Amino acid sequence: QVHLGYTSGKAIMNDNIVNDLINLGLDEINFSVYSTNPQLRGYWMRDKSPGESLKALKLFCENIKVNASTVVIPGVIDEEEIIRTCSSMEEWGVNTFILSRFVNLKQEGLIFNNSPILKDKQTQSYEEFIEMVKNISRQFSFKIVGTPFTDPETKGPPYMLSKRKYRDYLDELPEITSNATIITSKLSLKPLKMIFNII
């Protein structure tokens, strides 16, 4: 059994590569799809052969477990485009689709004093992003999750220990004997602070 942790699919030029990988024991793949619209994928992913990449994704979906992903960029990869992409992938047989919230500013999580990645693009608030993930998840049969921490099915990970009903598990953790510096986002700060304060 082979699990390919990540591919953009850009290096896959024909069906033979897909079939060879499957025949060698590949049974799960994480595939950055961006969009099933070849023009969008070609431009935003700098994919010179988006049609072949999407054909490869379809073949993978039909034969092995596929966890696809995209970055949600308002005005480019927005809810409407994601629903179109989900519709295609549902037909193909995708297992999981991960939606990553696009951040563009230092206060949203860019930690090296970077200038905006895309100067003319707005970002969604985290609350808007959560609602969008939930709405899309309700429309499809496969699992859809958002990052950071949005899972419409379990409503828990990854900070379940910060919730009151799971606090007893914190007592089972070993004693803290070291120090660490954690660089995190404003979103993660609150639940992490809660956990460390209790510990």
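A compact table of results
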item: Using alpha carbons only: equivalent-ellipsoid semi-axes of region 15-55, gyration tensor based, whole Å; result: 23, 11, 7
item: Heavy-atom surface of the chain, accessible at 1.4 Å and reported per residue (Å²); result: 61 Å²
item: Cα-based equivalent ellipsoid, region 127-199: semi-axes from gyration tensor eigenvalues, Å; result: 29, 15, 10
item: Share of alpha-carbon pairs per 10 Å distance bin for the chain, given as whole %; result: 8, 29, 30, 23, 9, 1
item: Max mean-square fluctuation residue, GNM over the chain, Cα-Cα springs under 10 Å, options ILE136, ILE77, ILE176; result: ILE176
item: Distance between modelled label sites at LYS65 and GLU127, nm, 7 Å Cα→Cβ extension; result: 3.7 nm
item: FRET E, pair VAL2, ASP171, Förster distance 45 Å, beta-carbon r, rounded to 0.05; result: 0.70
item: Kyte-Doolittle at least 0.0, axis length at least 15 Å by Cα - qualifying DSSP helices, the chain; result: 186-198
item: Per-residue [θ]222 nm for the chain (sum of -39500 (n - 2.57) over DSSP H runs n ≥ 4, rounded to 500); result: -11000 deg cm²/dmol
item: Volume of the Cα convex hull of region 34-111, divided per residue and given in Å³; result: 99 Å³
item: Longest to shortest principal axis, alpha-carbon extents of region 43-86, angstrom; result: 33, 23, 14
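The values are calculated or read from the model by the stated rules, or taken from the named source; none is laboratory data. Because the structure is predicted, anything quoted here is derived from the model rather than measured. Cβ coordinates were reconstructed from backbone atoms using ideal geometry, including for glycine residues, and neighbour counts include every protein chain displayed. Each accessible area value is taken on the protein alone, full model and side chains, heavy atoms only, with ligands, DNA and RNA left out. Shrake-Rupley method; radii C 1.70, N 1.55, O 1.52, S 1.80 Å.
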